[in-house]
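Nothing in this text is a laboratory measurement; each read-out follows from the coordinates by a stated rule. Just so we're clear, the structure is a prediction, and the values are computed from it rather than from any experiment. Using ideal geometry, Cβ is built from the backbone for each residue, glycine included, and neighbour counts are taken over all protein chains shown.
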């Protein structure tokens, strides 16, 4: 793809960073539009009937402009996910009952935030408590009370492989010499973006509305918000300013957005809502939350015979995309291995908790964790090294492209190559020798070595097409418009590099526009690690067309053949004759001059298209984690984490490394620290950052990252995604490392997070 001397493939510093580091970039909360402030009154009960809402005293408070409940702000219930019964759609403002702590009962609009908070505290709500479920396994029982009246159970969605799983009588372990099983918890997580949720709604003339929102997909928000406001999409202008992190929970419409917009239209003035951190912890969608019962059969030589999984996925009170994620877990359950038989069944279950959504990896980390954890147990059962049982069963390079028995259309891969690279980089043999030495000495500092190999799907769920436009401006600069949305990935840098490589226009002279429904014709947004392979490829193809138009025009102006025109710095020139050139500014000035432009060439130095790569791509890799566990205290210290990830052809190694480090940190945080917890009455007990344990940089070592490159045949860049790979590979590696540290004591498994308390408790059983 890249030519000799190309900028592509080189480490280029991010264009975005100066504004981020100096604080000059503006977020939605920085907008000074004369807005009034909205504060939500949220339920303090997990499940209850609303007997009454008393607002009289609050309405008389200073600065109050309006107090809204379901009685005086009419809104239709919002569909969480198309495959879920609409009877479980969420009313933006609770009507007759609340179903989780954080459900919205009222909205207060006042001149200032302080006034709105003071008024909200004067609203009196009388609740009649109902039974509540925070435990997905308890909610699944036949004896469990049903959260949604009219439903026969708390199950809202099912998936199975084979389709008639219950009637399938085949034995997936026939011929196995050993069968291992484990209940594997992938605990509930909070997204905790640096910038919480929020939006600003500004009414315009003739019923129009401008809507600034911290989101990953402005066009999707517009298309979902407009019908909830009774508006045509073209009358709703949605745009995301700078966004301080998304990680999946910001990929969609929130009922809070609808309420803010409705209040702005009702009051006829701008309204702003800025989510506070404690509010964010219970209101923004959570991730993961699955219980996976896995069994694997193997032969004594390490050959995998079959896999069986029974999965319970927690959806929270109002089922959304989280209800569907077990389908992705099912699709990726073959992982990187030749597994001849897979039986998979999942139930998505409603609980009285915050709704689950797609969180970094979204269904794929769960599949990898399940397979990699049970595979380690299988290796232990037959006395085989974890690296060798993986090598024994890898899908081989000559098997690609292939469709797995779970329906994944793998494009390319070389799993043994990444395994060999990570084993060499970690000095795996020496680590095992050191571990044996410590065990022989009965050392209190127990060494654990964890390995994980993974494959993931990027641009999943039909998200493999995206809009892009490239245009050369009058001054010779370029403007690109893309349907993806930036929230920290470095899109401006990456896409500008493509234009520089194709047209010779320096990256600094390329303006990147996204996340604005009036500036960008269409877009699916950013999620599923899809941006470079889809929007990047769209910019590549659009720039290629612009180049061909430029060459035709330059050839006419320079009296040369178009075949002899090549790209120079900011100009097109005759090959071998640099002095005979014409700048892009000169080309832009001439392109609409009929006396200069070839008669068969259309005007304008621009092109737009929707690039469709036809299917998803499948990055892969292997990680090794090295931990030290204190036998007396249970404390786990991560000594090293080594990752070899393959995201296809690499455009900018610096961007890839940044994504690897961020992803690894989030994955290790799940393995060792983070967990959203509820008490037995479904009250959240981790609703702030004092109780929800997030690591800082001081808690983590410097990660050792590198890459193999196996190009995807599905796009012209050869690219696959990298944004979620680090998370998917690191969690099971770190988890396996902790379990490995204790395995010689007869401790077979510890649930994540592997906190000192959890490890110490396990050690007391020895």
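Kirkwood hydrodynamic radius of the stretch 280-430, from the reciprocal of the average inverse Cα-Cα distance over all distinct pairs: 16.7 Å. The calculated FRET efficiency for the pair residue 124 and residue 79, based on their C-beta separation and a Förster distance of 35 Å, comes to about 0.65.
The simple Förster model, with R0 at 22 Å and r as the Cβ-Cβ distance, assigns residue 690 and residue 117 a FRET efficiency of 0.60.
The packing ranking of peptides 572-578, 260-266, 724-730, 193-199, highest mean first, is 724-730, 260-266, 193-199, 572-578, where packing means the average number of other beta carbon atoms within 10 angstrom of each residue. Placing a label point 7 Å from the Cα of residue 142 along the Cα-to-Cβ direction, none of the residues of the stretch 335-363 has a backbone N under 12 Å of that point. Taking 0.36 nm per residue of separation and subtracting the current Cα-Cα distance, fully stretching the chain between residue 585 and residue 445 would add 43.7 nm. Sorting the Cα pairs of the stretch 69-152 by distance into bins of 5 Å, from 0 upward, gives 2, 11, 17, 20, 19, 13, 8, 6, 2, 1, 0 percent per bin. For the stretch 305-392, the relative contact order comes to 36 percent (Cα pairs under 8 Å, sequence separation of at least 6).
Put in line by how crowded their Cβ is, counting other Cβ atoms within 10 Å and starting with the fewest, 152, 616 read 152, 616. Label-to-label distance, residue 158 versus residue 300, with points set 7 angstrom from Cα along the beta-carbon direction: 4.0 nm. Highest mean packing first, where packing is the average number of other Cβ atoms within 10 Å per residue, the peptides 204-212, 456-464 line up as 456-464, 204-212.
Taking a point 7 Å out from the Cα of residue 508 in the direction of its Cβ, the residues of the stretch 549-587 whose backbone N falls within less than 19 Å of it are 568-571, 584-585.
Relative intensity of the stretch 607-766 on a log10 scale, I(q)/I(0) at q = 0.08, 0.09, 0.12, 0.16 Å⁻¹, equals -0.31, -0.39, -0.63, -0.93, per a Debye sum over C-alpha point scatterers of equal strength in the absence of solvent. Here the spin labels are modelled as points 7 Å beyond Cα on the Cα-Cβ line, and at residue 596 and residue 405 they lie 6.5 nm apart. Its residue count N sets the reference 2.2 N^0.38 Å, and the alpha-carbon radius of gyration of the chain equals 1.01 times that reference. With semi-axes defined as the square roots of five times the eigenvalues of the C-alpha gyration tensor, the equivalent ellipsoid of the stretch 1-54 measures 50, 20, 9 Å, largest first. Using a simple spin-label model with pseudo-atoms 7 Å out from Cα toward Cβ, residue 33 and residue 702 lie 4.4 nm apart. Mean separation of Cα pairs under 8 Å and 6 or more residues apart, divided by the residue count, gives the chain a relative contact order of 15 percent.
With contacts taken as Cα pairs under 8 Å at a separation of at least 6 residues, the stretch 663-723 carries a relative contact order of 24 percent. For the stretch 212-334, the spread of Cα positions along the three principal axes, ordered from largest to smallest, is 72, 32, 27 Å. Applying 1/(1 + (r/R0)^6) with r as the Cβ-Cβ distance of residue 22 and residue 429 and R0 = 51 angstrom yields a FRET efficiency of 0.60. Among 156, 470, a tally of other beta-carbon atoms within 10 Å of each Cβ gives an order, fewest to most, of 156, 470.
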